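What follows is calculated from the coordinates using simple rules that are stated; it is not laboratory data. These numbers come from a predicted model, not from an experiment. A quick note on method: Cβ atoms are made from the backbone with ideal geometry, for glycine too, and the neighbour counts reach across all protein chains shown.
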Amino acid sequence: MKVQVQWVTILLFLLLFGCVFSVHSASKVKELEKQRKMLLIEIKNTNKFLNENHKSIGDVQRRVDLLVKQVNTREQLVKILGNEIGVFNKKIQDKEIQIAQLERNLHLKKRNYAIAIQIVYQEKNNQDQLFFILSASNIVQSFHRALYMKEYGKWRRAQGEEIIIQQNKVIAEKQVLKYDVQTKTNLVNIKKNEEEKLRIQERIKGAEIENLKKNTKKLQAEIDKKKRQAEVLEREIARIIKEELAATKKAAARGSVKRKSETADGYAMTKEEQTLSTDFAKNKGKLPFPLKGSYCIVSRFGQHRYGNMENIHYNSNGIDIKTTQENSARAVFDGIVTRIFILPGYQVSVIVRHGNYLTLYSYLEQVFVKQGDKLKIGQCIGKIYTDKENGNLTILHFELWKEQTKLNPELWLYR
């Protein structure tokens, strides 16, 4: 009896642990699967743009950047697949242990049930149940014997039903195990396929970088040109911000409308702007992308070097998003259009203010808004410029500022 109680206790613990682990592993599998699908979409979009042909040295550089991005993304995908396989290995291992325990418990139940049936059979041969009840020394004992026989019969039936339930559970768990094993096999095959693609892309990337090195002078000239254009844009944004800061300070001094800034030299906001700024900050990592449809980030925020070319660096105050023709830039949050201007290398640019945050949308060829317009999140700002002389290259340049500080847009956008 002690052994039976121990087995039941162990089984209950394993079933409880199995349920907890099952919920955790299911959640982990869903999260990894979600990440894998997102990476596959990113790879698909990058492949689409890699297949386009552009002529200028700057776009050879962009192709190298895309290849580097593609290799990095595929490396992440291979890692995610490895993690998924690891989760399924653990699931399979735990499921095998759980099934073994269920089968041991089932065997124990069957053995006990067989003993009970054997006892009943012997009793039927040696002593009639009715005689057993009537042969009691008094009526109370007869009642207890009748009750015993009734409860014993119930117990036997319950044991029989429990055995059937246990058998069905073993069958069901084996089906789950079979599915997990097949899923793991599929993931292993996908991982092998992605690893082979990764090796091929590594070779292509290396060849493209070597080709780019042969045109170092042209590339450096292109970078220097873009650097000068970026500096002009940065100075223009800084000038606009200072101009707006001065205007709000004057307005605050007049006291016609109550204004408040976060810092002594910060942008003095109205109550409405303060609310807008707070709401914008709360949505970090949740802001929609500044365009819809297919896209690929071809230039990221901050300092970078081309491939493994240590002597050639570039800096970006925002991100460049490659997309399809006829696409439009969209507001990432509610705000007010404060400036529309034109600069060489950036076509038309639009600045939208969100309290003390600003977003910049450049490389526009047609603008659908005007200065002073109040925009809603997702509202079209303008059509993105397409370079007809360079394979219909369509890129949106997007920046995010807080006061006079440049921020990494990718940390704020929802992917």
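Write out the GluC sites (Glu not before Pro) in the range 367-415 meeting two conditions: DSSP loop, and at most 15 other Cβ atoms within 10 Å of their Cβ. Don't skip to the answer; put the middle values down first.
Working: sites: E389, E399, E403, E410; in loops: E403.
Counting only loop positions with at most 15 other Cβ atoms within 10 Å, the GluC sites (Glu not before Pro) in the range 367-415 are E403.
For labels at K90 and T275 in the simple 7 Å Cα→Cβ model, what's the distance in nm?
Placing both labels 7 Å along Cα→Cβ, they lie 4.6 nm apart.
Starting from the Cα of D224, step 7 Å along the direction of its Cβ; do the same at K30; then give the gap between the two resulting points in nm.
About 5.7 nm, to one decimal.
Any of K271/K322; K192/K383; K91/K197; K225/K249; K284/K374 with alpha carbons more than 31 Å apart? Name them for me. Don't jump to the answer; show the numbers that get you there.
Numbers: K271/K322 37 Å; K192/K383 42 Å; K91/K197 28 Å; K225/K249 37 Å; K284/K374 21 Å.
From K271/K322; K192/K383; K91/K197; K225/K249; K284/K374, over 31 Å: K271/K322; K192/K383; K225/K249.
Counting other C-beta atoms within 10 Å, and keeping those with at most 15, which DSSP coil GluC sites (Glu not before Pro) do you find in the range 214-265? Please list the in-between numbers first.
Details: sites: E222, E231, E234, E236, E243, E244, E262; in loops: E262.
Of the GluC sites (Glu not before Pro), the ones in loops of the range 214-265 whose Cβ has at most 15 other Cβ atoms within 10 Å are E262.
Please say if the range 290-415 is rounded, prolate or oblate, where rounded means a/c under 1.5 for a ≥ b ≥ c the square roots of the C-alpha gyration tensor eigenvalues, and otherwise the choice is prolate for a/b larger than b/c and oblate otherwise? Please report the intermediate quantities before stating the final value.
Numbers: a/c = 1.77, a/b = 1.27, b/c = 1.39.
Since a/c reaches 1.5 but b/c is at least a/b, the shape of the range 290-415 is classed as oblate.
How high is the FRET efficiency between I139 and V176 when r is their beta carbon distance and R₀ equals 56 Å, given to the nearest 0.05? Walk me through the intermediate numbers first.
Values: r = 55 Å, r/R0 = 0.98.
The calculated FRET efficiency here is 0.55.
From the Cα gyration tensor of the range 178-228, with a ≥ b ≥ c the square roots of its eigenvalues, which class applies: rounded if a/c is under 1.5, or else prolate if a/b is larger than b/c, or else oblate?
Values: a/c = 11.97, a/b = 3.34, b/c = 3.59.
It comes out oblate by the Cα gyration axes.
Using the Cα gyration tensor of the range 160-284, with a ≥ b ≥ c the square roots of its eigenvalues, what is the shape: rounded (a/c below 1.5), prolate (a/b larger than b/c) or oblate (neither)? Provide the component values of the computation, followed by the final result.
Numbers: a/c = 10.00, a/b = 1.53, b/c = 6.52.
Because a/c hits 1.5 or more and a/b fails to exceed b/c, the range 160-284 counts as oblate.
To the nearest Å, what is the center-to-center distance of the range 267-303 and the range 191-230, using C-alpha atoms only?
Centre-to-centre (Cα) distance: 30 Å.
What does the charge count around V369 come to, taking other residues whose C-beta lies under 15 Å from its C-beta (Lys +1, Arg +1, Asp -1, Glu -1)? Please report the intermediate quantities before stating the final value.
Numbers: positive: R330, R339, R353, K370, K374, K376, K383; negative: D334, E365, D373.
Once all neighbours under 15 Å are counted, the net charge is +4.
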